[in-house]
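Let me begin by presenting the structure, written as structure tokens, before commenting on it.
Read-outs throughout are calculated quantities, based only on the coordinates presented, and are distinct from any laboratory measurement. Owing to the predicted nature of the structure, the values given are computational and were not obtained by experimental measurement. Cβ placement follows ideal geometry from the backbone for every residue including glycine, while neighbour counts extend to all protein chains displayed.
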Amino acid sequence: MVSRRNFLAITLIMFLVLFMFQFSEFMKNFYNDYGTNPYADSDTVLTQNTAIQTNDGAQAVADGNDYAVVIGSGSASSDTGRVIKQWCSYYGKNIIYVDDPSSYSPASQHMPEVIFIDSAGINYARYTEDIERIVNTGCTVIFCSLPSADTIKANERLSSLLGIRDVVHDNAAIKGIRLFDGFLLGGEKWYIANNEKEEKYQDMQTKVAWYALKAGSKVYMAGVHDDMYGEIANEDEPCIIWRYRNDKSCIFAINADYAQSNTALGIYSAMLYEAEGSIIYPVVNSQSVIAVNYPSFADENSEQMKKRYSRTMTEAMRDIIWPNLSGLTNRLGAKVTYMVTPQYNYKDSACPDADELEYYFRLFRENGDEAGWAAYNLQDSTMRQKIVADYDTFRRNVPDYRLVSMYINASGRDKTMSLLKTSLLKDVRTVVTDYDATDRLFTYLSSNVTELRTTNDGLGYSYMNDFKNRSIETALGYSSVTLDMTDVLAPDDNSPEWSDVYESFAINLDGYLGSYGAFDKNTVSGTDTRVRRFMAVRCSSVRDGNEIRVTLTGAHDETYYVLRTHGEKIESVNGGTFKKIEDGAYLIMAQQQEFTVKLKDADALRYTN
Amino acid sequence: MSMTMLTILQMTGIFALYSVITVGIPALFFHGKVRDRRALERFMVYFTIGNFYIMHIVFALELMHIANRITLITAAVGIAALAYIIKVLRKGKVSENEELNRVLGRIIAGLTVLHKGLEGIIGFKTFVKMLFRSLYTQFGRLIRKIFSFVKNNLIETLLFATLAACLVWVYGKNYANLYGYAFSDLPVHNYWINAMDENNIFAAGVYPFGYHCIIFYMHKVFGIDTYVLLRVFGFTQTFYIYIMLLLFIKGICRSRYAAYAGCLVYAGYDIYNLECTRRYLGALPQEYGMLFILPAVYFAIKFFEVRKTEIDEGLLKKKWHVDSSWYLVGFALNFAMTIAVHFYDTVIAGIFCAGIMLGFAFRFFRPRYLGRIVVTVLAAVIIGALPMGIAVAQGKPLQGSIGWGINVILGKASQSSTTSSDVNKEADKKVQEEKETKAAADGNTGNAAAGGNSGSSPTAGSKPAQNSNSGGNVGGNSSNSAGITALLTGAYKNIDSGLTANVLRFRIAYFLPAVLACAALAALTGILMLIFHRWRYVAGYNVTQYGAVLVSVAAMSVLMLVLVSLKRLGLPELMDYNRARVYYAYLLTILMSVIVDIPCVLLGGVFRKRWIANLLSLAAGVAVIVLGFGYNLVRQPFTTSRLETNGAITCLTNIIHDNKDNTWTIVSANDELRMLYGHGYHYEPITFVHLRESKHDNRSITINTEYVYFYVEKRPLDYLHPYAGSGQMVSEEGAARGTPVGSGITVYYGENRWVIMSKMYYWAQKFMKLYPDEMTVYYEDDEFVCYRLKQNPYSLYNLAID
């Protein structure tokens, strides 16, 4: 028998408990403004196309800015030359292309910051003396590629210039490559397949010319010799990237074909850092994860989905995929941009479910994620149908949601621009496209629309991709990892199951982002904002003792910089904040047009005499 | 923190640690046994037991090759616990043993509190509060006792504080300001102790390792680096040498403060040759062994006193279970430790015992004394030599310097030496020959330790002529004398000149006659007291015992005078005079104190008032202080140079602190080779220079650690071998010279060192240009620079640049 007093007390407590649980949920839903896009800045806030334009030719020397020289016949149009130009443009450096080495002498009043030598365009039999003369001017010289081992063997002056003591083997087999610590950000990495499972990742070169180096050289990347050569000391392994310093110059050499792709971007930045005591350069500081063609709001592909997951497509997405994906990205602190496709098939009777759409948009809002639109690779006629249908879906369900980012794979510039004129995509300011090995990673498509290229396929890990990712992170503090869900949600008989896709993606994403915890994670729109600021800023720095004074031009908001110091530690940053990336590397956020970095006294010993 | 401050903290810590393990802990266990003894006697007992216990635990475990931190702690605690348990069990029923119950109760209470703290049953604040309360209870009593002692012995405390301050002033300052080893022996001892880390005792052959055992114990159990111990333990050792001297003199004198008069003169007066006390600037085995000579002598003297009482009182039923036996045990343990630590100490202990034998001759030869003494001496010799004997039985050869020492005694080896190294000499005979040649040429062989740089000492520099030693060439004079008178006169003159040259800081008129007169006075007084033994107790003194002690001290003085003058007399030298004079100066302190004590005792006896004797001895002590200042005899702090720059030690300390173990290498000449054991690796610069200058086309030098430190002396040390250009800076001229050729350490002597350092310096400058970010200056001062090279262990730099 319960007394009335007790009954009342129990009832009150039950109400209280009910209220406590329901109130928080109610408030969360009440304030979840899922119908708007928090990342959609107004056009006035957005940095318009103010990317720094770099000069070339005679103007490159005259304007007083840092400049680079590329030596090699046809280098202006070669892949190597384009990548160098891209690298220069990111850091506001001018560029001069020199076809004929004999005709070039560095301007003594304003020496180039770095000289690139594209060996593919140089006849060493004729120009070795000129190259030697240019190298001996005291500049930092980068041999983007090397001539054949025979050429080097026959040309003692060239081999001496490169710090090569002996050609051990013209074309030696290697079973992997070691990237040493301190060169690219992210630390040491061994690209060696230790078992059969790892062999599928091995896509780096397996044959290199094997050179023995002179004293005075420093190796940044080296091959691991094949067992057929017997026991070799570590320092005698085939060298891939090295530095050789003589009394006059600092010479870098790349004994591989990395210079022909964006993989070289970080290598050049790291070489410049190695040539100097410390270096500070602007970076984007943004890492984004993009889920393409996910989620979809219509129940399609029912037969396949039930066969695989015993669920309909929407159920599988909600009950299986979403918990996995959101759990993984939350753990890594990543903000995901979901390039949604309201439906996969526009010819069947299945239509997008409004409840599903609302459900996901609420979740995006709760997680700080963003929704974009994916232009699934459809025919033009179907594309038009899709845009109309999708516009209808969004207009009816989330009329105030401005789609500011979209994903389109393998499109041309004109096609993309035409898409942006549609009602659905009129607010888009960021177009995400697939990676291109030699094209710019980001650029303006129009005065206010940028194009960002993804850097990694979340399912396509390989050693070369990892190396490329490290290089781009080093140069730009930028990465963009995609996960294309088409094969999962519109599978055929050979498509992998979600569990396999998830396992692979989880491992790869951790590999891509794990070493760069210091860099911010953003949605595509957040990345776009950072990219615009990055392209607008030019920085120059002067070191005086333990102080580095950095002056910025074109910076109006927060901008980001990487400072690499060869082990020195930052004491304070006046005019900004900093955080450590790794030993000797710091990420600095500048809030003013000028900031000063004070380094700790390297000589300070714990016990003094 | 400055290195000086660190060194002071290390010195303080090691002093405290050594005091706790050799005096404090034995005191906890044995205070009940010796409660009724004099404080000085108790101290000696604790000290003897502490040192003997630790020394022989290490010996035992090392000989079984199982010495490590766990076994060392387990053995030390376990044996003590076992002994305690046996003692408790022998007393009867355990449950009724109050002491045991009390101890167990305390342990259980402590463990309960600890358990509660760890389990979170009591809060952290409560735990800390209980801990402090417990500590306060335990140590409060001790502190109160100390305060009470100071209050009741204010004058003595003040005198002791003066002596301590004097020691800190004279010796401590040098330890605090100059960080490196002062003697070239120390790297060798360091090496032997390092080998003990690998259970390889007697690494270079069988040698008295008692001192090494103590250092090893502190290193292994408490984790103190051996190089730190060898740098600063010398101060603790020296302090204890003076304490032992003070306690011994207090033990044999009858006035309260006479000992302070002698000790203050010895510690604070600038009258002795620097070489008589310079060895106190290092933690050397011979000096460590000195700690056990005087306790052995004291226990021997006490034996005669106590045994006499026992015989008089007929306490002979329990043949061995009498007090005098415990004194013999004390004597045996200390005598054994002199054997275990350094044979020279055994020789001196033997000479002192001979003095006692003469002083107590009227009892010594009686069967009731002699039998026990013979058995004790035999036991002591066996105990002392047993570890070495076991090692020999295990197949270890004798260490070279043992043979050298024996040859010195037999007159087969050179008498000329430095005070620095016997082991090094053996290790490098060629160098020794060079030194002997040099010594013969300039007659200056006593200027040894810390090298030949002792000229930098202001005191040494101020009186160079008086500091010169002329050890080698006077002995033959006596053979030319015709008659006995002439012979004696010649001997007298030789002894006198020898004392002036080798023992005194400057010539003191009538020093030898004064010493002889003092000895004669002591002997005469002693003999008179023995003759008139009916005055058995004058003012409470045992006249017979005191008289015998006086005769003993007089005999010791004469015997030591003979020992130190053997070469002057043209006789075979039992001991290198560089070493003998250290002991002789030590002994003179005893003689001096006794001479002060005699009139005090006599006057006190005449007036039958003990306070008169104490007052007079106090007056003597105060007079010593006043006269010291009045005649400007106060010693200045030693400012000897070292065999390593301060910068080098500073760097080593920082390197060990900054880096993970075994990730770095030091390229240096040369003491770091042993110092960095257990932390990093060492590379010889001579190897480096040789390889770099080889003509091989593909020459390559790689050092396979992530960090490589290059020590370069910009102003190279002479390392015991001054040359015409001593003190010059490294130069291109030096770098252009040919690479020195030689074996062992000889390539780092004198000018060779300058050449190697010059080559290293210019190599480093060039390498820094090629690797500006990888090769940086880690430390630099006017005399020394340390470069740090950071390299990739998987792709080492070829250091063989042109």
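Dividing the mean sequence gap of close Cα pairs (under 8 Å, 6+ apart) by how many residues the stretch A:286-531 holds gives a relative contact order of 28 percent.
Packing order of peptides B:650-658, B:491-499, highest average first: B:650-658, B:491-499 (average count of other Cβ atoms within 10 Å over each peptide's residues). The eigenvalues of the Cα gyration tensor, multiplied by 5 and square-rooted, give the stretch B:646-802 an equivalent ellipsoid with semi-axes of 23, 19, 15 Å from largest to smallest. Within a straight-line Cα-Cα reach of under 14 Å, A:K386 can be paired with the following aspartates and glutamates, leaving aside sequence neighbours fewer than 8 residues apart in one chain: A:D348. Residue-wise HN-Hα couplings along the stretch A:158-169, as the Karplus relation 6.51 cos²θ - 1.76 cosθ + 1.60 with θ = phi - 60° gives them from phi, are 5, 5, 5, 4, 7, x, 8, 8, 7, 9, 7, 8 Hz; Gly and Pro carry x. Could you let me know the centre-to-centre spacing of the stretch A:150-227 and the stretch A:67-118, using Cα atoms, in angstrom? Between the Cα centre of the stretch A:150-227 and that of the stretch A:67-118, the gap is 26 Å.
For a quick check: sort A:T140, B:T687, B:T162 by the number of other beta carbons within 10 angstrom, fewest at the front.
Ranking A:T140, B:T687, B:T162 by Cβ neighbours within 10 Å, fewest first, gives B:T687, B:T162, A:T140.
Put +1 on the Cβ of each Lys and Arg and -1 on the Cβ of each Asp and Glu in the stretch B:612-763; which of B:T687, B:L616, B:M729 then has its Cα farthest toward the positive end of the dipole? Most positive-ward Cα: B:L616. Among the residues of A:216-222, the average count of other protein chain beta-carbon atoms within 10 Å of the residue beta-carbon is 5. Angle of helix A:4-30 to the longest C-alpha principal axis of chain A, folded into 0 to 90 degrees and rounded to 10: 50°.
Using the 10 angstrom Cβ neighbour count as an exposure proxy, how do B:H690, A:H556 rank, fewest first?
On the way: B:H690 15, A:H556 12.
With the sparsest Cβ surroundings first, the list reads A:H556, B:H690.
Among the GluC sites (Glu not before Pro) within the stretch A:550-583, those in coil by DSSP and having at most 15 neighbouring Cβ atoms inside 10 Å are A:E558.
For chain A, the share of DSSP beta bridges that are antiparallel, to the nearest 5, is 55%. Under a cut-off of 26 Å between alpha-carbon atoms, report the lysines in cross-link reach of A:K28, not counting same-chain residues fewer than 8 places apart. Result set, ordered by chain and number: A:K335, A:K521. Unpaired Cys in chain B, meaning no second Cys C-beta under 4.7 Å: B:C166, B:C213, B:C253, B:C263, B:C276, B:C353, B:C518, B:C600. Under the combined filter of DSSP loop state and at most 16 neighbouring Cβ atoms within 10 Å, the stretch B:588-654 retains these trypsin sites (Lys or Arg not before Pro): B:R608, B:K609.
Helix B:3-19 and the longest principal axis of the Cα set of chain B meet at an angle near 40°.
Remark: relative contact order (chain A) = 15 percent; criterion is Cα-Cα distance under 8 angstrom and separation of 6 or more residues.
Take each peptide in A:471-484, A:396-409, B:139-152, B:571-584, count the other Cβ atoms within 10 Å of every residue, and average; sorted highest first, the result is A:471-484, B:571-584, A:396-409, B:139-152.
Taking 30 Å as the straight-line reach from the Cα of B:K33, the lysines in range (excluding those fewer than 8 positions away in the same chain) are B:K87, B:K91, B:K93, B:K145, B:K151, B:K250, B:K302, B:K308, B:K317, B:K318, B:K319. DSSP finds beta bridges in the protein assembly as shown, and of those with both partners inside it, around 60 percent are antiparallel.
Given contacts defined as C-alpha pairs under 8 Å and at least six residues apart, what's the relative contact order of the stretch A:420-462, whole-number percent? It comes to 36 percent, rounded to a whole number. Loop-located trypsin sites (Lys or Arg not before Pro) in the stretch B:690-783 (DSSP state not H, G, I, E or B) with no more than 13 neighbouring Cβ atoms inside 10 Å: B:K695. As a rough footprinting exposure proxy, the listed residues B:F607, A:F534, B:F30 were ranked by other beta carbons within 10 Å of their own, and the order from fewest upward is B:F607, B:F30, A:F534.
Any idea how far the Cα center of the stretch B:1-38 sits from the one of the stretch A:307-377, in Å? Each part reduced to its Cα centre gives a spacing of 74 Å.
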